[in-house]
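Notes follow the structure.
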Amino acid sequence: MKHLFSQIIFILSFFLLIGCKKNETTEIAKTEIPQNSIEYASGLSIVKHEGYSVVMVTNPWPNANKKFTYVLKEKDAKVPDSLQKYSTIKVPLESVVVTSTTNIPFLEMLDVESKLTGFPHTDYVSSEKTRKLIDQGVVKNVGQNEKLNMEQLIELSPDLIVTFGVDNNNPMLDNLKKSGLNVFIQADWMEQSPLGKAEWIKLYGALFGKEDKAKELFDKIVLSYEQTKKLVSTKQATSTVLYGSMYEDVWYVAKGNSWVAQFMKDAQANYLWANLKGTGSEGLSFEKVLDKAKSANFWIATGSVKTLNEFAKMNPHYSEFDAFKNKTIYTFEGKLGATGGTIYYELSPSRPDLVLKDYIKIFHPDLLPGYEFTFATKLN
């Protein structure tokens, strides 16, 4: 009997232990380790914690040997002592100054453009919504990127100035910080993946307390981009493509790992410099370009030129290319805003799906019969 009682106690203890283990497992499962919410952007990391987020910009400019870490702190949140050494930004922001037109669409997509109080050289802004705020005097012109109006910025006293640096030597950034202004160094322009650029909307989601909205918008862009890529998934890249134009005595072609080259690859086109390693562009002589691309089927020209005659006046030797003779030259920079800003420069980084559709419309027009170009124009 005593032996039987001991067995019962053992069995009860065993099931009680199993129940405790299950509860422990459940509790562990509930406690999620904070993860980086960024999937495509190579130079951005956002890790959300209880009451604050840690944001890292790891590739702020070419050949950078430093990175920037910011703590986005919500009201009454407790931030660990280990993070006190980093710049702290109180969120959600109530006012902001941005310095690149590529930031404008992110603000508008998140419905926070009314929080924008300043922008350098406001004529560059093309969006009708933000142009209206500029015309109403809500958004002030705060100078030029390299020479921001310090007195005006101090008077505006925005919660944050989102800007960028081209190298490690930028006295303007130092002066902004010395004046007590909060500065965030962003680097969406360094991204070479089309979706990587667009994912920087998540930064603005974090700054304005709209993380869920930013994720929802970005996920839709990803889906649209992937669906657009599928249109050409069975097509062969038979069309050869020349890119660029002469600038003074140099012809700059996009390198094979650049943003531009990625679009042409995804659009199933044979970009002639796809094997040129690196990002950005490379300067070549006219002779080298002509030798390689004289018979190219298409030419993606740079500049806001609108007609073949206008293009030929820029350089009479352009007429030696077959694409000129066959009238298959396009530019993505021909559409301008009301005050002369280039719409492509402003909107394309945030809507790579529309850029890809334009490229597919050029190279495989039968796949998008009813589609009208968003950015591209054909030289007439």
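The values are calculated or read from the model by the stated rules, or taken from the named source; none is laboratory data. Predicted, not measured: the structure shown is a model, and the values here were computed from it. Note: ideal-geometry Cβ built from the backbone for every residue, glycine included; neighbour counts use all protein chains shown. The area values use the complete protein model at the heavy-atom level, side chains included, leaving out ligands, DNA and RNA. Shrake-Rupley method; radii C 1.70, N 1.55, O 1.52, S 1.80 Å.
Shape analysis of the chain based on the Cα gyration tensor places the equivalent ellipsoid semi-axes at 47, 30, 18 Å, largest first.
Overall form of segment 129-207: oblate. Here a/c, set by the Cα gyration tensor axes a ≥ b ≥ c, is 1.5 or more, and a/b is not larger than b/c. The relative contact order of the chain comes to 14 percent, based on Cα pairs under 8 Å that sit 6 or more residues apart. When DSSP beta bridges are limited to those with both residues in the chain, what percentage is antiparallel, rounded to the nearest 5? If we restrict to bridges inside the chain, about 50 percent are antiparallel. Remark: relative contact order (segment 194-353) = 23 percent; criterion is Cα-Cα distance under 8 angstrom and separation of 6 or more residues. Considering only GLY43, GLY209, GLY278, the mean-square fluctuation computed in a Gaussian network model of the chain, springs between alpha carbons under 10 angstrom, is largest for GLY278. Accessible surface computed residue by residue for segment 167-301, with neighbouring protein chains in place and a 1.4 Å probe, gives 47 Å² per residue. Calculate what fraction, in whole %, of the accessible area of the chain sits on carbon and sulfur atoms when a 1.4 Å probe is rolled over the protein chains. Result for the chain: 52 percent of the exposed heavy-atom area is carbon or sulfur.
Per-peptide packing, taken as the mean over residues of other Cβ atoms within 10 Å, places 270-276, 116-122, 176-182 in the sequence 116-122, 270-276, 176-182 from highest down. Starting from the Kirkwood Rh over alpha-carbon pairs, what translational D in µm² s⁻¹ does segment 79-118 have by Stokes-Einstein at 37 °C and 0.692 mPa s? Answer from the Stokes-Einstein relation: 276 µm²/s.
Mind running the shape call on segment 293-380? Use the C-alpha gyration tensor, a ≥ b ≥ c as the square roots of the eigenvalues: rounded below 1.5 for a/c, prolate if a/b tops b/c, oblate otherwise. Since a/c reaches 1.5 but b/c is at least a/b, the shape of segment 293-380 is classed as oblate.
Approximating the spin labels as points 7 Å out from Cα along Cα→Cβ, the LYS313-to-GLN84 distance works out to 6.6 nm. Using Cβ point charges alone (K and R +1, D and E -1), the dipole size of the chain about the Cα centre works out to roughly 760 debye. Largest accessible area first, the residues LYS115, LYS132, LYS197 order themselves as LYS132, LYS115, LYS197 under a 1.4 Å probe with ligands, DNA and RNA left out. For the pair ASN257 and TYR371, the difference between a 0.36 nm per residue extended length and the Cα-Cα distance amounts to 38.3 nm. Estimated at 0.36 nm per residue, the fully extended path between ALA237 and ASP291 surpasses their Cα-Cα distance by 17.3 nm.
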